[in-house]
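Right, one structure below, let's go through it.
The values are calculated or read from the model by the stated rules, or taken from the named source; none is laboratory data. If you're wondering where the values come from, they're calculated on a predicted model, not measured in any experiment. All Cβ positions, even for glycine, are placed from backbone atoms using ideal geometry, and neighbour counts span all protein chains on display. Please note that ligands, DNA and RNA were not included when accessible areas were found on the heavy atoms of the full protein model with its side chains. Shrake-Rupley method; radii C 1.70, N 1.55, O 1.52, S 1.80 Å.
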2 protein chains.
Amino acid sequence: MAIRVVGFDGDDTLWHSETRFSVTQAEFRELLLRHVPEADVDARLSEMEMKNLSIYGYGVKSFTLSMIETAIQLTQGLIPASDLEVILGWGKRMLMEPTELLDRVELTLQQIAGRYDMLLITKGDLFDQESKLARSGLGDLFIGVEIVSEKNIESYQGIFRRRGISPGEFVMVGNSLRSDVVPVVTLGGQAVHIPYEVTWHHEHVPDEQLPSQGWRRIATMSELPALLEALSV
Amino acid sequence: MAIRVVGFDGDDTLWHSETRFSVTQAEFRELLLRHVPEADVDARLSEMEMKNLSIYGYGVKSFTLSMIETAIQLTQGLIPASDLEVILGWGKRMLMEPTELLDRVELTLQQIAGRYDMLLITKGDLFDQESKLARSGLGDLFIGVEIVSEKNIESYQGIFRRRGISPGEFVMVGNSLRSDVVPVVTLGGQAVHIPYEVTWHHEHVPDEQLPSQGWRRIATMSELPALLEALSV
């Protein structure tokens, strides 16, 4: 079947995201180690994020709240409020930074936009994602934007139904096997995996759980136009 | 024109929300007055929320972050981290509380659902709103859910376009003149205002800026079915 609709993930597919979390997390580690030199700060923050995921969901505000809670617990309440104010500032900085596109994204999307209907499909904080898209300058290239709280079979099914898309004419492009590849291929669509330099452990999928077909991996966005033509035969 | 689609606001229209913010804010005031007895805690928190709105958007996580920042600034960094942990706990409590429906909501919606297509149109935090809807038990009554970061002319236009709704066949039901009434009536739709016991000052609209027609006010949800029939002539 010919490809008609191409879905794109946002974070770490079109623009940098995880490296910003990593940079902040390194600052957080350094701040905390001044108070608790023996602590495994990264492990404790990661545990806290997982514990809070079902209450807060994804995004920078959730990350900020989890950093503050980790800092208080690791120091047994001894961290001065002024240090917590610094953490609040990191969160705001992350929310206000300009959207930094990955290499070749703008050119490739402009090249593809005439041939396929393009959808942006991202998860996370609604306000933050809309703000990033607005600052990216890419908004007009997409026929629609879907921001979902979790990318799973149900949420893709909802998008297909609402927009009258049949899975066979759909390709999803993203950096996460868990969110962009597995659910789409399970539904009978195709997927293109473009790994990012850093992967959040939460998005990792063991090899044996990956679908054996229906998806391809490319190294950079610039390989996408040719691949889409090949898939569309 | 006959009414075909009825949009419903969620917070303080279908379920209680603002009273929960008020309850938490009273606890916050009491906590802070122990440290800074002379402070106008409510005014300072409100200023902080407005200052942070363009960075954080709406919702409980934003409110929690603004409470923490206000507490640190009002005490000039002297508030103990253990008190800030209490504030974090209030935020989580708000996010986990059961969804408490307003009087007569469930019965009225069930009565209306057969006659009109019902849409839930709420603003705020995506994850929190989806979670509240899921816990409300009302999900199946709606043909769709639209969670937007701000309810204004552009966002209603987007919903009308995406869903093929003409404004003349649409009625919006909600407690906020600013978010539920003014933009819809401006676009040529109709609106029903059901005031809630508490109105966040941010949602207030001066009388002289209200449209002179195209909307009606009722006291409780139970008056809605008859009004919709009258509007639909």
How tilted is helix B:18-35 with respect to the longest principal axis of chain B? Cα atoms for both, answer in degrees (0 to 90, nearest 10). 10 degrees
Among A:G168, A:G137, A:G189, the residue with the largest mean-square fluctuation in a Gaussian network model of chain A built from Cα contacts under 10 Å is A:G137
B:H16 accessible area, assembled protein chains, probe 1.4 Å, Å²: 40 Å²
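Rolling a 1.4 angstrom probe over the protein heavy atoms, how many square angstrom per residue are accessible across segment A:27-163?
Result: 44 Å² per residue.
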Taking accessible area as the heavy-atom solvent-accessible surface of the protein chains with a 1.4 Å probe, which residues of segment A:25-67 lose no less than 50 Å² upon going from the isolated chain to the full protein assembly? A:I55, A:Y56, A:K61, A:L65
Based on Cβ point charges of +1 for Lys and Arg and -1 for Asp and Glu, what charge dipole magnitude is obtained for segment A:1-127 about its Cα centre, in debye rounded to the nearest 20? 320 debye
Compute the convex hull volume of the Cα atoms of the protein assembly as shown, divide it by the residue count, and report the result per residue in Å³ as a whole number. 152 Å³
Which residue, A:G77, A:G59, A:G89, has the most motion in a Gaussian network model of chain A that connects Cα atoms within less than 10 Å? A:G77
Quick one: Cα convex hull volume of segment B:62-142, Å³ per residue? 102 Å³
Which of B:S176, B:S166, B:S66 fluctuates most in a GNM of chain B (C-alpha springs under 10 Å)? That residue is B:S166
Of all the accessible heavy-atom surface of segment A:1-109, with the other protein chains kept in place and a 1.4 Å probe, what percent is carbon and sulfur? 53 percent
Can you tell me how chain B classifies by the Cα gyration tensor, rounded, prolate or oblate, using a/c under 1.5 as the rounded cut? prolate
Over 19 Å, how big is the tail of the calculated P(r) for segment B:112-233, in percent of all Cα pairs? 50 percent
Summed buried accessible area for A+B [probe radius 1.4 Å, Å², rounded to 100]: 3000 Å²
Among beta bridges assigned by DSSP with both residues in chain B, the antiparallel ones amount in percent, to the nearest 5, to 5 percent
Tell me the relative contact order for segment B:110-233 as a rounded percent, counting alpha carbon contacts under 8 Å between residues six or more apart. 18 percent
For A:A81, what is the net charge nearby, where nearby means another residue's Cβ is under 11 Å from its Cβ and Lys, Arg count +1, Asp, Glu -1? -4
Calculate how steeply helix B:41-56 sits against the longest principal axis of the alpha-carbon atoms of chain B, using the helix alpha-carbon long axis, and give the answer as 0 to 90 degrees to the nearest 10. 60 degrees
Residue by residue, what Karplus-based ³J(HN,Hα) values in Hz, rounded to whole numbers, does segment B:71-81 have, using 6.51, -1.76 and 1.60 with θ = phi - 60° and x for Gly and Pro? 4, 5, 5, 5, 9, 6, x, 8, 5, x, 4
Theoretical ellipticity at 222 nm over the protein assembly as shown - DSSP helices of four or more residues, -39500 (n - 2.57) apiece, nearest 500: -14500 deg cm²/dmol
Placing one identical point scatterer on every Cα of segment A:1-80 and ignoring solvent, what is log10 I(q)/I(0) from the Debye formula at q = 0.26, 0.27 Å⁻¹? -1.28, -1.34
0 to 90° range, to nearest 10: angle between helix A:126-136 axis and chain A longest Cα axis: 70 degrees
Could you tell me the calculated FRET efficiency between B:E38 and A:L187, based on Cβ-Cβ distance and R0 = 45 angstrom, to the nearest 0.05? 0.15
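Let's test the formula: R0 of 51 Å, r as the Cβ-Cβ distance of A:L231 and B:E229. What FRET efficiency results, to the nearest 0.05?
Efficiency, rounded to the nearest 0.05: 0.45.
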Do you know the Lys pair count in chain A for C-alpha distances under 14 Å, with sequence separation 8 or more or different chains? 5
